[in-house]
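To start, the structure under review is shown below, and the notes come after it.
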Amino acid sequence: MLIAETIKGTVINVVGLTRTALETLQRTETFRCPQCKAPVQLKIGTVITPHFAHKVASSCRELFTEGESEEHLRGKTQLYEWLKTRVNHVWLEPTIKNFSQRPDILVLHNNHYYALEFQCSAIKTALLEKRNAGYAKANITPIWIFNTPKFAYYQGVVQQRLRKMYQYTLPHTIFYSPTTKKFTYATFLYRLYHNQFLMRLAQVSLDRQVFPLYQPKPLRKTQAEAYSRSYTSGYKRFLHNCIRYPRGNSAKRLRRCTNGLYLSFSELNRSFPVFLPHTLGADVVWQTELALYCKEQKIWIEEVEPAHFLTTFSYIVSDDNCKAIRYYCENIKGISAYTLTELFAISHLQWENKTDN
Ligand SMILES: [Zn+2]
């Protein structure tokens, strides 16, 4: 924590304090946690960021996004200092009345509250969900910023396995590195299969960042071409693996389809990217399953009832999955006329907008 209160209740923020001031505080004051009121101590090493820590392990720590790693303290400090120059109302580690969660940073901008969470350690998506539900109830918009993982120090179009927590903030994920003082945007996250994603990585330095945060730009033509190439190679690799490992779940699903549709694997030569967050996995599988479903149900693709299809093929029936299925079924006839590059270059924004209502 960077905030504590004295026994008299005075709030002390250690960000920006000189070493002398910190030493005086440490010598003369007794501190407690603003949230749980348990005693905390001021830690001022030569290398570490000055901070407060609970003297004994406390359940209060769980109310924070995480414990106090050096990375987290540094990032939080930098983001707080930066926000002070961008918005009028910003609070570090605020204790909010009648609210058990304590965001890293709270911002009031245009009459709306935003909670910034700088997440450095692994966090379960169930916990992310719980925190977001809490914020939603309090009418606060959460902004999750993750500590930059190794792969995100690059720029360009890449294929990468993404941890579940990063997927939680789809359609894009924002990283921040306290070392380089740069944000990395992983945008146009596109699920190839399992947790393998196609994405564009782009960086913005802290001094150029604005609040509310920059929104990603559309893909440039060369980037759309890179997506198209990467999608094709991912598609081929996926099919190849299905042939090599016929006992895998995807391979079994696909074989059921090819048998039912009297097709061979080599006749499956195309699938269509749907730029919506979903957990359906490889396009070629669920799209071929849709074809089989229509055949078995004796219906046209436009008549597919998303939830029924998802249940029949044992997918999770979520809003995101239904949206993706609905979008595909309603538009496949139109989009099949496009080349992959065109789909990546032109359609994604329209697709996203279209599904907002
Ligand atoms: Zn506490």
Residues in segment 265-295 that a label on Asn241 would reach, taking backbone N under 17 Å of a point 7 Å out along Cα→Cβ | 271, 279-287
In nm, the gap between the two label points placed 7 Å beyond Cα toward Cβ at Asp319 and Gln26 is 4.9
Cα Rg over Rh - segment 209-354, Kirkwood = 0.99
Straight-distance crosslink candidates among aspartates and glutamates, where the alpha carbon sits under 16 Å from Lys55 and sequence neighbours closer than 8 are dropped | Glu5, Glu29, Glu68
Once Lys and Arg are counted +1 and Asp and Glu -1 for all other residues with Cβ under 15 Å from that of Gly260, the total becomes +3
Vicinal HN-Hα couplings computed from phi for segment 20-29 (Karplus, 6.51 cos²θ - 1.76 cosθ + 1.60; Hz; Gly/Pro x) = 4, 4, 5, 5, 4, 4, 4, 6, 9, 10
Which angle from 0 to 90°, rounded to the nearest 10, does the C-alpha axis of helix 70-84 make with the longest principal axis of the chain?
-> 80
If each of Arg163 and Ala133 carries a label point 7 Å out from its Cα toward its Cβ, how far apart are those two points in nm?
-> 2.3
Which value results for Rg/Rh of the chain when Rg is the Cα radius of gyration and Rh the Kirkwood radius based on the inverse mean 1/r?
-> 1.06
Average accessible surface area per residue within segment 228-357, 1.4 Å rolling probe, Å² | 54
Which ³J(HN,Hα) values, rounded to whole Hz and listed in residue order, are derived for segment 140-151 from phi using the Karplus coefficients 6.51, -1.76 and 1.60 in 6.51 cos²θ - 1.76 cosθ + 1.60 with θ = phi - 60°, glycine and proline given as x?
-> 10, 8, x, 10, 8, 10, 9, 4, 4, x, 3, 5
Taking all protein chains as present, what is the carbon and sulfur share of the accessible area of the chain, in % to the nearest whole number, probe 1.4 Å?
-> 52
Relative contact order of segment 224-354, pairs being alpha-carbon contacts under 8 Å that are 6 or more residues apart, as % = 30
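The values are calculated or read from the model by the stated rules, or taken from the named source; none is laboratory data. Everything quoted here is computed from the prediction, not taken from an experiment. Neighbour counts are summed over all protein chains in view; Cβ atoms, including those assigned to glycine, are modelled from backbone coordinates with ideal geometry. The area values use the complete protein model at the heavy-atom level, side chains included, leaving out ligands, DNA and RNA. Shrake-Rupley method; radii C 1.70, N 1.55, O 1.52, S 1.80 Å.
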